[in-house]
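The values are calculated or read from the model by the stated rules, or taken from the named source; none is laboratory data. Values in this document were obtained by computation on a predicted structure and should not be read as measured data. Ideal geometry is used to build each Cβ from the backbone, glycine not excepted, and the neighbour counts take in all protein chains shown. For accessibility, only protein heavy atoms count, side chains too; no ligands or nucleic acids. Shrake-Rupley method; radii C 1.70, N 1.55, O 1.52, S 1.80 Å.
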Amino acid sequence: MGAQKKSKKSNESINSRLALVMKSGKYVLGYKQTLKTLRNGKSKLVIIASNTPPLRKSEIEYYAMLAKTGVHHYVGDNNELGTACGKYYRVCTLSITDPGDSDIIRTMPGAQAGDA
């Protein structure tokens, strides 16, 4: 029971930080645009939904590794990630290029160690 509560709490904090990025930062939604930002080296953090196809997930992770960018695996599926972004559609991947007022880059477990 305790583990479930902790993941719920951390998920809420991720959602609130994500909402702050949506308000004050710069981001791109979607697979193609995420790959584009990774290739250009603009991405600071990539968030992947839990039900992203494995091939797509591994490709994004590979690009992120080459770009030295942090990857966070979102606990919920793409419907929940879309809702957390404040959108009414599904979001499989999103790339944060500028976190704005949010401290999401420093606090994510999958984020870069160099920024912390």
Review point. Once phi is turned into θ = phi - 60°, what whole-Hz ³J(HN,Hα) does the Karplus curve with 6.51, -1.76 and 1.60 give for every residue of the range 15-22, x standing for Gly and Pro?
Key: 4, 5, 5, 5, 5, 5, 5, 4
Practice item. Pairs of Cα atoms under 8 Å, at least six residues apart: use those to get the relative contact order of the chain, whole percent. Key: 38
Exercise for review: Quote the charge dipole size of the chain about the Cα centre in Debye, to the nearest 20; the model charges only the Cβ of Lys and Arg (+1) and of Asp and Glu (-1).
Suggested key: 100
Review point. Which value, in Å² rounded to 10, gives the accessible area of Lys44 with a 1.4 Å probe and all protein chains present?
Key: 80
Study note, to complete from the structure: Residues whose built amide H sits under 5 Å from the amide H of Val71, excluding neighbours closer than 5 in sequence, are Val46
Revision key, fill the gap. Taking the square root of 5λ for each eigenvalue of the C-alpha gyration tensor of the chain, the equivalent ellipsoid has semi-axes, largest first and in whole angstrom, of 20, 16, 15
**Study point:** Nonlocal amide H pairs with Lys26, under 5 Å, H built at 1.01 Å
**Key:** Thr97, Asp98, Gly100
